[in-house]
Structure formats: structure tokens, C-alpha cells
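Engineer: One structure is given below, represented as C-alpha cells, and several questions about it will come after.
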């Protein structure tokens, strides 16, 4: 019979579960922002194409690079927020698996830049991940599976 988990272990498990859910929500919000960056890129590329094809009454075309600059900014927003969303999803996964504590703390620091929700999530992450009991949980290495004992063959 295994010993019952103590109160501290139960609290740590619950807090890590809540942090994992928080990073999933934060990742979804970042991915949603990345979609807006992609829409911004499409609009910018469309403006660049339309401006290049259009001519004003005096025969001069307005500069097409403005639309392409908007498109480049949109692609940058898409790639940046998409990367941040992926990192947050990995953090949620690692919190569930109790692995890569330092990675989770680095992502918590980056998450603190997102006001106000990210700051709250990052600070709570630091508070939970700095506990000695949580550090011990992340440092535990699972015992390797012992190979099956060879069976004795009866001489029949």
C-alpha cells in the first residue's frame, strides 16, 4: 500500500495543473493574435499589389512599398506571436510532465511582458516553480524499468 500524499504535494500538483491550464489559455490568446498579424500581412500585400497596378490621374503611381512594408510587419507579428504561442503550449506540456523547470521559468519571464494577464501568470509561475517541493518534483528521475527475470525452463 502506498503512503497517502501529504498536503503540500496535493497543493503543488493542483497549482502546477492550474498553471498548465493558464499557459494553454495564454497560448490560445497568442495564437489568436498571430492570426490578426497574418490578416494584417494579407491586407498589406493586397494594398501593395493594388497600388502597383493603380495609376493616378496624372499618370504617376503612388509608392507600392508602403503596402509591402505593412505586409512585412504583419508577417513579423504572425511569426513572433506564433512562436510565443508554441512556446507557451510546450510550457503547459512540460508543467504537466514535471520536466524542464528552467525552460518553464524562462517562458514565465517572457510571459510577464504581456500585461496584465501575462504578468499575473508569470509571477504565479515563479512563486510555484521556486518552491523546494516543486523543485524536488521536477528533479525526480523515473526509475528505469527492470528487465523481466528469465524464466526457468523445465526439462521435459
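The values are calculated or read from the model by the stated rules, or taken from the named source; none is laboratory data. Values in this document were obtained by computation on a predicted structure and should not be read as measured data. Counting neighbours? That spans all protein chains shown, and the Cβs are built from the backbone with ideal geometry, glycine included.
Engineer: Among 109, 31, 85, which is at pLDDT 95 or above, exposed (fewer than 13 other Cβ atoms within 10 Å of the Cβ), touching a helix residue (DSSP H, G or I) at 6+ places or on another chain (Cβ under 8 Å) and assigned to a helix (DSSP H, G or I)?
Structural biologist: Just one listed residue meets the conditions, 109.
Engineer: Could you list, in sequence order, all residues of the stretch 118-130 that are surrounded by fewer than 17 Cβ atoms within 10 Å (Cβ to Cβ) and either in contact with a helix residue (DSSP H, G or I) (Cβ under 7 Å, 6 or more places away or on another chain) or not in a helix (DSSP H, G or I) (or both)?
Structural biologist: Those that are surrounded by fewer than 17 Cβ atoms within 10 Å (Cβ to Cβ) and either in contact with a helix residue (DSSP H, G or I) (Cβ under 7 Å, 6 or more places away or on another chain) or not in a helix (DSSP H, G or I) (or both): 124, 126, 130.
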